[in-house]
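Values in this text are rule-based calculations from the coordinates and carry no lab data. Computed from a prediction, not measured in an experiment: that's the story for all the values here. Quick reminder, even Gly has a Cβ in these numbers, built from the backbone with ideal geometry, and neighbours come from all protein chains shown.
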Amino acid sequence: MDAVAFKQRFMPHWRHCFWVAWRLTNSTQDAEDLVQEAFLKLWMKREELGDIKNDEAYLTTLVRHLFLDQRRRKHIDMDDAAPEDLPPMDGDDLMQQVETHDEVEQVTRLIGHLPQKQQQVIIMHDIEQLSDEEINRQTGLSHVNIRTLLSRARKNLRALFNKL
C-alpha cells in the first residue's frame, strides 16, 4: 500500500483515534503521542492490512492495546518503587473508572449511528470542545444550525443509550 492509499484509508479516522486516546489518557499530549505511535505501527504493517473489515474498529483496538502496553510498562517500572511511594489502591475508584470507560465506549459507538452532520457537530462541540464560531468557520453552518444539530444529536444519543 502506498502513502496516498494509506492516507485515504486511515487518516479519516484520526479524530476518532485521538478522542479514544484522550479518553484513555486524559492528556492531549499523551493522546497525540499514542495516536502517532498507532499510525506508525499501522504504517509498518501496511502490507498486512488487506483483510481488515472495519478500519475504525481496528484502529480503536490498536490504540487501546498500545495504551495498555504503556500502562504495563509503567507498572513494571513502579514495581521497583518502595511500597510507601506507591499510591493507595481504591477499589471503588477503580470500579468507577471501568464503568465510565464502558459508558464512553458505548457513547462512541452510538455517535456512529447518528446522521453525518449530527456526528460532525457533536464531535466538534462536545469532544473537541470547539466553540460555535470555530465550528461555523470549519463547516459553514450557522449558529442556529449548529445549535439545532447539537440538540438533535444529544436527543438521539439519549434515545439510543436508553435502548441499550
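Report note on the peptides 149-156, 16-23, 117-124: ranked by the mean count of other C-beta atoms within 10 Å, highest first, their order is 16-23, 117-124, 149-156.
Take 27-38, 47-58 and order them by the average number of nearby Cβ atoms within 10 Å per residue, most first; the result is 27-38, 47-58. Multiplying the residue separation of TYR58 and ALA3 by 0.36 nm and subtracting their alpha-carbon distance yields 17.9 nm. At an R0 of 22 angstrom, the distance between the Cβ atoms of ASP51 and ARG73 translates into a FRET efficiency of 0.15.
With R₀ fixed at 30 Å, the C-beta to C-beta distance from GLU105 to ASN145 puts the FRET efficiency at about 0.55.
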